[in-house]
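Right, one structure below, let's go through it.
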Amino acid sequence: MNEQEYIELEQRYGAHNYKPLDVVLARGQGVWVWDVAGKKYLDCLSAYSAVNQGHCHPKIMDAMIAQARQLTLTSRAFRNDQLGHFYQELCELTHSHKVLPMNSGAEAVETVIKTVRKWGYKVKGVAEDQAEIIVCENNFHGRTITIVGFSTDAGSRDGFGPFTPGFKIIPFGDADALERAIGPNTVGFMVEPIQGEAGVIIPPDGYLRRAKEICEKHNVVLILDEIQTGLGRTGKLLAEAHDGIEADLTLIGKALSGGFYPVSAVLSNTEVMGVLQPGEHGSTFGGNPLACAVARAALKVLVEEGMIENAAAMGAYFQAGLKSLGDSKVREIRGRGLMIGLEFHPEVGGARQYCEKLREKGLLCKETHDHVIRFAPPLVITRDEVDWALERIAAALADG
Ligand SMILES: *Cc1c(COP(=O)(O)O)cnc(C)c1O
């Protein structure tokens, strides 16, 4: 089949809830992917940072195949010999006390909402059904009804109501607004350390540190959604480390499996997780032995192969390279580690056209919102590969 035939098949039988670039991929290795015609591309999206470890990392693959031969799913009705190791390794790596494993990022977000509400009633003493969680404008936390209900993006929300009550929305990056918004029923503040889907928006220096102080002062649980920023993407294991803090609850997902399998987790540094009792929350696939084995290998290679340090070094190099292009169409280059945004001036007419041009030149990336391209290659990218990318980007900008 040729590329067009694959596309037609998807169009005919699939829901049209995405507008992908028309590239049909068939193979991946490290930072590279190949389409069905054999054309090679540098992947600068990394499945929204789910393949930080690079495509088809051989050690993660080996772990997955070995575990698939042994045991894949027991449900949590029984125990399995991978879960305890996964808990221990993840807690030791992230300085957490407790882990609750789920599958997708959105499920981790739902889990944290349930947990922090329960904590509010059982521990903080909030009156029944009055708990309030503060979130930020332009947030992205996933796609369930509850989550899109506190989105400020019309495309995510419109037509999907009625929504879950109990959320208050404040501007991102404004610690004073947080303090003003906190009331007696506030149980949690959930925020992304850097807003990825909103266009790689970096808050002012010290924002998370202030948020942490304010939450502590008012007995509010600080929840960091590190599903995209976590696991090395910003040049630290968790982005909170840039502010020298530890959140009370941290959400991770995406790269937790290196792209092999949906695995997410809620990490808890406090007693908050202790409020959940048997039977109150769960998932058939959450914590299954295949997921645990894959995640253990994904975490191991991330650390042992120096990917986090490489993200810091290559991120700085990539950002400096983009800045040195000095293109007048570009309004700003910003980022942390290998989470990089290139924002065009609004009159340029959208970032999508440049994603299309870059695709022609062998580099895959995606616009976020209208005017920003996010560059987020796998963390295994080399200096030569960054140079290769910069040449294509320079050419694409010069083209139009
Ligand atoms: C991707 C993402 C999610 C949702 O994860 P899914 O696995 O797609 O449900 C939540 N929060 C952030 C910050 C994300 O980037």
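Where a number appears in this text, it was derived from the coordinates with a stated rule and is not lab data. Note that this is a predicted model, so its numbers are computed, not measured. Neighbour counts are summed over all protein chains in view; Cβ atoms, including those assigned to glycine, are modelled from backbone coordinates with ideal geometry.
For this structure, a couple of remarks:
- 5 Å binning of all Cα-Cα separations within region 223-272, expressed as whole percents from 0 upward: 5, 23, 30, 24, 12, 5, 1
- Solution diffusion estimate, µm²/s, Stokes-Einstein, region 3-156, Kirkwood Rh from C-alpha pairs, 4 °C, viscosity 1.567 mPa s: 65 µm²/s
- For the chain, share of DSSP beta bridges that run antiparallel, in % to the nearest 5: 65 percent
- Whole-number percent relative contact order across the chain, with pairs defined as alpha carbons under 8 Å at least 6 apart: 23 percent
- Among Arg117, Arg296, Arg209, residue whose mean-square fluctuation peaks in a GNM of the chain (springs only between Cα atoms under 10 Å): Arg209
- Stokes-Einstein diffusion for region 338-385 at 4 °C, viscosity 1.567 mPa s, with a Kirkwood radius from C-alpha pairs, works out to 114 µm²/s.
- Cα-based helix-to-principal-axis angle, 289-304 vs the chain, degrees rounded to 10: 60 degrees
- Extension reserve of the Gln130-Ala395 stretch, reckoned as 0.36 nm per residue once the Cα distance is removed: 89.9 nm
- For the options Ala320, Ala247, Ala376, a Gaussian network treatment of the chain with springs between C-alpha atoms closer than 10 Å singles out Ala320 as fluctuating the most.
- For the chain, the equivalent ellipsoid derived from the Cα gyration tensor has semi-axes of 34, 26, 20 Å, listed largest first.
- Longest to shortest principal axis, alpha-carbon extents of region 296-338, angstrom: 45, 13, 10
- For region 200-276 versus region 130-191, the gap between their alpha-carbon centres in whole angstrom: 17 Å
- Evaluated over the Cα positions of region 309-378, the convex hull gives a direction-averaged projected area, one quarter of its surface, of 4.5 nm².
- Part-to-part distance (alpha-carbon centres) for region 296-316 and region 1-68, which is given in Å: 22 Å
- Inter-part distance, region 318-368 to region 77-117, computed on C-alpha centroids, equals 36 Å.
- Of the residues His16, His369, His345, the one that moves most in a GNM of the chain with alpha-carbon contacts below 10 Å is His16.
- Contour minus Cα-Cα distance for Phe160 and Glu216 (0.36 nm per residue): 16.7 nm
- Per residue, the average separation of C-alpha pairs within less than 8 Å and at least 6 apart gives region 338-385 a relative contact order of 45 percent.
- For GluC sites (Glu not before Pro), no site in region 299-335 is both called loop by DSSP and has at most 12 other Cβ atoms within 10 Å.
- Pairs of Cα atoms farther than 17 Å apart, region 32-78, %: 57 percent
- Across Lys122/Lys168; Lys59/Lys236; Lys122/Lys366; Lys122/Lys236; Lys98/Lys168; Lys59/Lys329, pairs whose alpha-carbon gap is larger than 32 Å: Lys122/Lys366; Lys122/Lys236; Lys59/Lys329
- Computed from the C-alpha gyration tensor, the three semi-axes of the ellipsoid equivalent to region 173-228 are 20, 12, 9 Å, from longest to shortest.
- Take every pair of alpha-carbon atoms less than 8 Å apart whose residues are at least six positions apart; their mean separation over the length of region 171-309 yields a relative contact order of 20 percent.
- Cys with no candidate disulfide partner in the chain (beta-carbon separation under 4.7 Å rule): Cys56, Cys91, Cys136, Cys215, Cys292, Cys355
- Between Asp176 and Asp384, the modelled label-to-label distance comes to 5.3 nm, taking each label 7 Å out from Cα in the direction of the beta carbon.
- Listed by chain and number, the aspartates and glutamates placed with their C-alpha closer than 16 angstrom to that of Lys118 are Glu110, Glu128, Asp129, Glu132, Asp248, Glu271, Glu280; residues fewer than eight positions away on the same chain are left out.
- Relative to the dominant Cα principal axis of the chain, helix 105-119 is inclined by about 20°.
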